[in-house]
Amino acid sequence: MLKKLKFLKRIDWLGLYACLVVPFILLILSGLIPEWGSWYSGVDWYRPQVTALVEGHTNLGTTLSSLQHDNTWSGGGVHQVWGLGVPFLRLPFEFMYRLFGFEVFPDRLTIGFWLFCVTFWGYRVVVSTKGLPQTGNSGFSPLGNYFLRVIALLLLLFFPVLITLLSSRMLVFEEALVYTYLYGIAEALTLLWFIRKPRLKGWLILSAVAGLGAFIRPTLLFYGAASMLVGALRLFLNRPHPVRDAAPKKFLIRWGLPGYSWLWGPFLFLLGGGLLFLTNLKRFDDGFEFGHKLNVQWSDQILGSMYSTRFDCPWQDEPMISAGKELFGLMYLPTKFNNGSWYEQNLFPGQSSTFRWRDIYLRTYDLSVLALVLCSFTAGAVVWLRQKPNPPEESIDEPAPGSPVEEMGYLVLWSFLAAMPLVWFYLWTPVITSRYMLDFGPAFALAIFALYEWGYRKIKKHKWAILWGSLFLVWLLAEAALSLSSAEHGPRWRTSVSRSAALAFSRIDIPGSDNETRFDGLGWNKENGTAQAIVTVFVHDAEFLELELETNQSFMDEMVKKGETDYPKPAPEVIRAKIGLEYLERESITKTDDGWKVRFRGPQRKVYQSGHQVTFLALITKEYLGCRYTPWLLKSVRWNRTDPPKTIPPKEPKTAS
């Protein structure tokens with residue numbers, strides 16, 4: 001017995017050492033760190049936010065010239081839309097680095113550190129031999145159990161979602177999803193730890209983790225809510241048995257909470273949501289806004305996306321069946337990368353012909369993932385149908401460790417509760433991209449993990465259990481290879497650079513005065529007045545908004561020449577305007593000699609009444625969003641009685657022949 005304990009202890013130490021090596025093997029294998037010294041992002045869009053936090057504020061600048069692609073002008077300054085969570089995770093390293101006189105901490109090493117933390121936590125919860133006699137298969141040797149549990153951990157660490165992201169271009173969009181996946185897996189492991197031992201400490205930690213996830217990415221709010229629901233269910237099912245305690249006196253005990261101290265759990269969860277609300281309110285002037293209705297983007301091809309997220313979109317009227325077919329095809333069927341042709345058709349089976357901004361450039365999932373997830377959900381449903389109430393002798397003070405069947409049911413329920421809101425959300429979002437589908441990664445990974453653990457614990461013969469584990473390992477290796485190979489066909493450039501290259505990029509100056517930005521007039525050609533579906537204009541101290549327009553006769557003639565009948569007509573009553581998040585009320589439409597004047601009332605919210613504000617103009621209805629130009633020539637925009645209006649050059653008078 002003593003030799004057995006020494007053997008297990010030695011295995012534990014070797015495993016902990018492996019936790020230091022595995023993350024960096026993953027980073028090197030995926031190509032994220034191609035060579036020694038190249039551990040800085042080529043384009044680090046998180047760094048300005050980290051610098052701002054070091055200096056004690058959240059805005060990236062207080063002048064219009066600081067505005068960059070995908071930033072917002074809100075909350076009295078420039079803000080980014082990728083959340084504060086990742087910058088806060090990088091903040092301790094930045095502080096430490098600056099104490100030693102350095103400027104830029106290697107952000108790729110930060111990813112490696114947090115990957116190590118998740119690996120270490122996964123090893124302690126899933127693999128550590130301390131829990132083998134209670135949770136492992138007692139008919140197997142310690143080494144056999146250890147081997148099978150290592151495979152279980154690999155299913156989480158080398159899940160194809162993480163491989164796909166790390167081997168991609170790894171801009172800020174993909175980096176946010178890497179942290180989303182790691183955080184989701186860490187949250188799932190914390191839930192598993194709590195399910196096995198439902199103690200007050202675990203409940204408080206789980207609640208805090210669940211409440212803070214949305215700081216990294218809003219979709220982690222669904223995972224947090226699932227964690228709280230499953231954790232509360234574990235407590236409820238672990239409450240005193242009615243046969244033993246016929247009439248418990250305390251209401252909290254009857255519902256699974258042995259004391260008032262357990263109420264700190266929901267408080268911590270709500271506190272995290274409250275902090276998120278306050279930071280959104282400060283940054284975007286609305287606690288429920290994450291910036292995606294305010295960001296400005298420098299590309300004519302993205303104007304359709306901006307229109308859809310600020311006003312409306314044809315996809316809002318898409319039938320449920322058609323929307324479901326598109327989501328299924330994008331998630332599980334082979335896709336063709338559109339490489340910037342965001343309105344291309346026939347990208348994947350089931351794609352709808354309805355206008356929608358689509359960016360397909362990453363591998364998502366295949367039918368094998370779907371089959372494993374469905375098997376897991378089915379097995380989990382069977383587990384819950386066969387669930388028996390706690391025996392009378394089980395106590396809330398000394399709960400029995402969760403059985404394998406119970407763990408399987410709870411984990412699958414967590415996966416299902418997190419995935420279903422994501423399905424509903426992405427069915428109706430007006431813009432879609434393949435990276436959004438990777439939000440399902442933590443839910444799918446845990447469902448497959450639960451199926452694997454449930455299967456090998458149900459198997460009684462050692463050789464069949466080894467075969468079960470080997471099949472999952474072969475599947476995982478095949479999926480990882482497919483993810484690595486698909487990265488070669490997607491948009492990719494040198495994603496990691498040296499320290500000198502990173503410093504050179506961070507010091508690039510942006511020309512222009514403080515009150516000028518290249519995003520002013522986006523979608524509006526100020527040389528000839530032609531305007532696209534959405535126009536972005538920056539105004540100052542807005543008292544009203546007045547647009548002077550003419551008919552774009554050349555556009556109309558071109559449509560007639562092509563024989564088109566279904567195209568936008570010049571109807572001033574369909575024109576809409578927003579300042580920030582506030583829709584402006586139309587005051588009047590006046591016919592002039594050359595066209596029309598459309599006048600809107602000024603903003604009612606005080607935050608939009610002074611200083612520079614971003615204004616969005618919708619010049620057509622959503623049905624014609626696919627048209628490149630509108631039937632309008634925008635002559636001028638005026639917003640108060642003192643500032644000069646924004647205008648196009650007057651036409652030169654025709655000289656008589």
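Please give the number of the condition residue 620 fails out of (1) of a type outside the set (Ser, Thr, Tyr); (2) assigned to a strand (DSSP E or B); (3) more than 23 Å from residue 76 (Cβ to Cβ). Only one criterion is unmet by residue 620, namely (2).
Okay, residues lined up against (1) more than 30 Å from residue 449 (Cβ to Cβ); (2) over 21 Å from the mean Cα position of the chain (by Cα); (3) touching a residue at least 60 places away in the same chain (Cβ under 8 Å):
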{"position": "44", "(1), (2), (3)": "yes, no, yes"}
{"position": "47", "(1), (2), (3)": "yes, no, yes"}
{"position": "50", "(1), (2), (3)": "yes, no, no"}
{"position": "61", "(1), (2), (3)": "yes, yes, no"}
{"position": "70", "(1), (2), (3)": "yes, no, yes"}
{"position": "85", "(1), (2), (3)": "no, no, yes"}
{"position": "94", "(1), (2), (3)": "yes, yes, no"}
{"position": "103", "(1), (2), (3)": "yes, yes, yes"}
{"position": "119", "(1), (2), (3)": "no, yes, yes"}
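Beta carbons closer than 6 Å, at least 6 apart along the sequence or on distinct chains, pair a first residue in the stretch 269-296 that is of a type in the set (S, T, N, Q) with a second that is not in a loop (DSSP other than H, G, I, E, B) for 295/72. Going by the conditions given, is residue 575 in contact with a helix residue (DSSP H, G or I) (Cβ under 7 Å, 6 or more places away or on another chain), surrounded by 15 or more Cβ atoms within 10 Å (Cβ to Cβ) and not aromatic (Phe, Trp, Tyr)? It is false that residue 575 is in contact with a helix residue (DSSP H, G or I) (Cβ under 7 Å, 6 or more places away or on another chain), surrounded by 15 or more Cβ atoms within 10 Å (Cβ to Cβ) and not aromatic (Phe, Trp, Tyr).
Would you point out the residue of the stretch 198-217, among those that are more than 22 Å from residue 437 (Cβ to Cβ) and of a type in the set (D, E, K, R), that is surrounded by the most Cβ atoms within 10 Å (Cβ to Cβ)? My answer is 199.
Quick grid of which residues meet (1) in contact (Cβ under 8 Å) with a residue 24 or more places away in the chain; (2) farther than 30 Å from residue 290 by Cα:
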| residue | (1), (2) |
| --- | --- |
| 550 | yes, yes |
| 557 | no, yes |
| 573 | no, yes |
| 576 | yes, no |
| 579 | yes, no |
| 585 | no, no |
| 588 | no, yes |
| 592 | yes, yes |
| 595 | yes, yes |
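Considering the stretch 294-340, the residues that are modelled with pLDDT of 90 or more and of a type in the set (Val, Ile, Thr) include one that is farthest from the chain's Cα centre (by Cα), namely 321. Out of curiosity, is residue 11 in the same structural domain as residue 118 (by TED's automatic domain parsing), modelled with pLDDT under 85 and surrounded by 11 or more Cβ atoms within 10 Å (Cβ to Cβ)? Against the criterion (in the same structural domain as residue 118 (by TED's automatic domain parsing), modelled with pLDDT under 85 and surrounded by 11 or more Cβ atoms within 10 Å (Cβ to Cβ)), residue 11 qualifies. Name the residue that is surrounded by the fewest Cβ atoms within 10 Å (Cβ to Cβ), counting only residues in the stretch 88-123 that are assigned to a helix (DSSP H, G or I) and among the charged types (D, E, K, R). Selected residue: 98. So which of 192, 235, 220 ends up being buried (at least 19 other Cβ atoms within 10 Å of the Cβ), closer than 27 Å to residue 46 by Cα and aliphatic (A, V, I, L, M)? Result of the check over 192, 235, 220: 220. Evaluate the following for residue 591: is it of a type in the set (Lys, Arg) and more than 21 Å from residue 647 (Cα to Cα)? When the stated conditions are applied, residue 591 does not pass them. Can you confirm whether the stretch 523-539 contains a residue that is crowded, with 16+ Cβ neighbours inside 10 Å, in contact with a Cys (Cβ under 9 Å, 6 or more places away or on another chain) and small (Gly, Ala, Ser)? Yes: the stretch 523-539 contains one or more residues that are crowded, with 16+ Cβ neighbours inside 10 Å, in contact with a Cys (Cβ under 9 Å, 6 or more places away or on another chain) and small (Gly, Ala, Ser).
A single entry from 551, 517 fulfils the requirement of being farther than 18 Å from residue 598 by Cα and not hydrophobic (A, V, I, L, M, F, W, C): 517.
Residue-by-condition table, conditions (1) of a type in the set (Ser, Thr, Tyr); (2) surrounded by 18 or more Cβ atoms within 10 Å (Cβ to Cβ); (3) within 22 Å of residue 213 (Cα to Cα):
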site: 37; (1), (2), (3): no, no, no
site: 41; (1), (2), (3): yes, yes, no
site: 57; (1), (2), (3): no, no, yes
site: 61; (1), (2), (3): no, yes, no
site: 74; (1), (2), (3): yes, yes, no
site: 86; (1), (2), (3): no, yes, yes
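Scanning the stretch 317-349 for residues that are under 19 Å from residue 303 (Cβ atoms), touching a Lys or Arg at 6+ places or on another chain (Cβ under 8 Å) and of a type outside the set (D, E, K, R) yields 338, 342, 343. Checking 447, 400 one by one, the residue that is modelled with pLDDT of 90 or more, within 23 Å of residue 232 (Cβ to Cβ) and out of contact with any strand residue (DSSP E or B) (no Cβ under 7 Å at 6 or more places or on another chain) is 447 and no other. Among the numbered conditions (1) under 14 Å from the mean Cα position of the chain (by Cα); (2) in a helix (DSSP H, G or I), tell me where residue 217 comes up short. Tallying (1) under 14 Å from the mean Cα position of the chain (by Cα); (2) in a helix (DSSP H, G or I), residue 217 fails exactly one: (2).
Taking residue 293, is it outside any loop (DSSP other than H, G, I, E, B) and under 25 Å from residue 612 (Cβ atoms)? So residue 293 does not fit the description; no. Criterion applied to 487, 379 was being surrounded by 14 or more Cβ atoms within 10 Å (Cβ to Cβ), within 30 Å of the chain's Cα centre (by Cα) and modelled with pLDDT under 85, and the one residue passing it is 487.
The values are calculated or read from the model by the stated rules, or taken from the named source; none is laboratory data. Values in this document were obtained by computation on a predicted structure and should not be read as measured data. Note that each Cβ is placed from the backbone with ideal geometry, even for glycine, and that neighbours are counted across all protein chains shown.
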